[in-house]
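Take a look at the structure below.
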Amino acid sequence: MVVPLCDRSEIFHSPAIANGYFTCAINRVGSETFPNQFTSGDGKPAHTEFGHFYGSSYITAPNGTRTPLCIKYNMVIVSPILERDDVTDIIWNTAVVINNHGRVMGKHRKNHIPRVGDFNESTYYFEGNTGHPVFETEFGRIAINICYGRHHPLNWLMFGLNGAEIVFNPSATITGLSEPLWGIEARNAAIANGYFTCAINRVGSETFPNQFTSGDGKPAHTQFGHFYGSSYITAPNGTRTPGLSRIKDGLLVAELDLNLNRQVKDVWGFQMTQRLPMYAESLTQASQLSFEPQRIK
């Protein structure tokens, strides 16, 4: 079973967990603690029941709960949150980056919003408007491709074009929906774009007190299904770590040689041969309502 959301917050902030990171000499931490919605019986994101909304101004506050951990343990934390805009009340699926000096470097809002079964996030989340930011930390240039964005190759591409060396993919996805794709997508992205990818998935299952439906004709239910974990890291040459457990929480520690990014690019030359102007023209045409596919009979 998944630990209730309110309890998971306390666990992540606990000294024991932070000490575990420090003992392993970790300087970059990607968390899936609050990344993605889990709807309650009334269709609202379950986080709303536990007060886990963060206002836009709160994100830049210098005294957040993650800040002391970053400073004490000299680590960068990528912290997914549920953000509510202070002015418009728009809800965003957001990830915040806090550097090892405790400074909030910025945030990224999820670019691609799913409309798949129970994960019909379009009823409450807006598409992100922060582009594809890359954060220059002391330990490397990092970016965050949030959850469903991993299904979109151009999303991965833009982080690479902006100079990312490591791209985190905090996710919450279930067996029967995406598991056949899980070991492929982030790995392919690492190869195609010449950077490291960190695919992070929630693990366990969660039961809600009220039944809910998702407009897909299926009977009302109280669970999304099993979140299969299996987090892993891939290098730009396609090699990868073993995955974490499918049934229990874990900590994956890996040492990344960022020089490998350039070495692999020099070998394959994908960045030299990708022909961006040609595709930019084609994509511009394809985005028009008057677009006619290039087909030959």
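Working ranking of peptides 125-131, 98-104 by packing, defined as the average number of other Cβ atoms within 10 Å per residue, highest first, is 98-104, 125-131.
Using a 7 Å offset from Cα along Cα-Cβ at T273, what residues in segment 156-182 end up with backbone N under 19 Å from the label point? Backbone N within reach: 157, 161.
Packing-based ranking of 239-251, 285-297 yields 239-251, 285-297, ordered from highest to lowest mean Cβ neighbour count within 10 Å.
More than 28 Å apart: what percent of Cα pairs in segment 141-297 qualify? Percentage above 28 Å: 36.
Bear in mind these aren't lab numbers, they're just calculated from the coordinates by the rules spelled out. Fair warning: this is a prediction, and the values are worked out from it, not measured in the lab. Every residue, glycine as well, gets a Cβ built from its backbone with ideal geometry; the counts of neighbours run over all protein chains shown.
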